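Beneath this line is the structure, given in structure tokens, with notes to follow.
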Amino acid sequence: MSVVDKLKNSMAGAKTTEELFAKNEANANMMVATLCLILCIMHCITIILAISGIFLVDEITLVYAMFIPGMINCFAYTLCRVYKGEAPWLKPLLLGSLLLACMLSDFALNYNVPLSMSVPILASIRYFNKKSTIRIGVFTSIVFAISSYMNTKVVTPYLDLNFIGYPEGTVLKYHESLVQTIYEHGFNQHNYTYYAMVQGFLPKLMVYIMIAAFCVLIAEKGRQMVLEEGVIASENARIEEELNTAANIQASMLNTEFPDYNSFRLYASMTPAKEVGGDFYDFFMLDDTHVGIVMADVSGKGVPASLFMVRAKTLLLEATSSDSDLGEVFTRVNNKLCQNNEQGLFVTAFEGILDLTTGEFRYVNAGHELPFIYSAENKTFTPKQTKAAFVLGGMEGLKYKEGGIITLKPGDKIFQYTDGVTEATDANNQLFGMERLEETLNSYSDSIPKDLLHNVKCEIDQFVGEAPQFDDLTMLCLEFKNYLVNE
């Protein structure tokens, strides 16, 4: 998991950036506690190796440089686990424990492990806090300076570096008293202190300053990344909320109560590729004997297409009546859609009116898909070859004409859809296609409209598999059941 993914996961549980920092603080405490545990284990291993004779370390060094620092780190780790990293005092405790443990190790081992003092500085990065890292860096440098100077005052004959204070060629003769052993051989305390501080401490202090500066930079970048991630997450949440609202508004505009009368039954469905889609369907009773249907697909996706869809749907509904010439309806709607259409959106549309007393279905097609007509006599679906006019909203001043009349008999059906159905794509970039759609419709030709659409959707899902959905899937099926008798 990447750092960005971890930050996103963290942000998912925080409502504000401050909550995110608080959560990060607890996580950082647990990470630093783990570092304390690792150092404790390393100290324990070193103690075991020293006791076994592999490392030649005196008892004082073993206690002060290994045992006590190990216990300090173990204690800090245990407290952090008990309080689950959430107590406010854990941060200074953990960093202080690391600092004290490293100082003791450096003091007892003299100049063999001074770079261990960089551990608390590095650990402070975990908090993404520049001020904290600066404070730890400065404090560590001061403690290291004091520790290094104190080391020059407590000379031990066990380390080669301490021979700097003796005249050249000195051979130590050990006595029972450590002090007697040191000063019996003409040890020069001043020379030893000068060498240790100027040639030993100052170069290492420069290294610490560089490490601290590097840590400050990383901490600042880390905190900035958290802040940016918080802003992005907040903005994404706002956009997602707005898109959900738009999706709910769009869904509420689509008819979801489908009629099932003695004369006809109808069902429709839409599955948007994004939160909001550009496809839409509509059906409406124009009077007691005429029902109209609309199937349309707006160019583009997302909110702009959805808004254009609402406009087109409203215009079509307002312009259509039972005795309307559908060509004239599309002509008026096209001219209005072309007005103030700065984004250049357009819509493919199919509209039809079914006369329930005669079974006559008048229709007009503006660049839309071919409808499938089911013949109850032949028990098959076949695509109706119709001449499609230019899309709506693409060019002002066009004249549209009705595509013709289809005479339906009881049991016949009309299936209309958008190109998201035939252009559904699998992982191998293969299209569902017209032929497969026709085969699927004929496989379930005796189904009622609701079951037919459900089965077609299942076949598409099975064909697509795990491939992403790139376009809206919208379908409508109108079944003419019986002639309506006017009384």
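Annotations for the structure displayed:
- Against the numbered list (1) among the charged types (D, E, K, R); (2) in contact (Cβ under 8 Å) with a residue 40 or more places away in the chain; (3) in a loop (DSSP other than H, G, I, E, B), Glu479 comes up short only at (3).
- Residue within region 328-344 that is under 30 Å from Val456 (Cα atoms) and in a strand (DSSP E or B) present: no
- Residue that is among the charged types (D, E, K, R) and either crowded, with 23+ Cβ neighbours inside 10 Å or without any contact (Cβ under 8 Å) to a residue 40 or more places away in the chain (or both), where the choices are Arg362, Arg311: Arg311
- Residue in region 412-425 that is exposed (fewer than 14 other Cβ atoms within 10 Å of the Cβ), modelled with pLDDT under 95 and more than 21 Å from Gln385 (Cα to Cα) present: no
- Qualifying residue in region 381-389 (condition: touching a Gly at 6+ places or on another chain (Cβ under 8 Å), β-branched (Val, Ile, Thr), under 30 Å from Asp325 (Cβ atoms) and assigned to a loop (DSSP other than H, G, I, E, B)): yes
The values are calculated or read from the model by the stated rules, or taken from the named source; none is laboratory data. Quantities reported herein were computed from a predicted structural model and do not represent experimental measurements. Note that we place each Cβ from the backbone using ideal geometry, even for glycine, and neighbour counts take in every protein chain shown.
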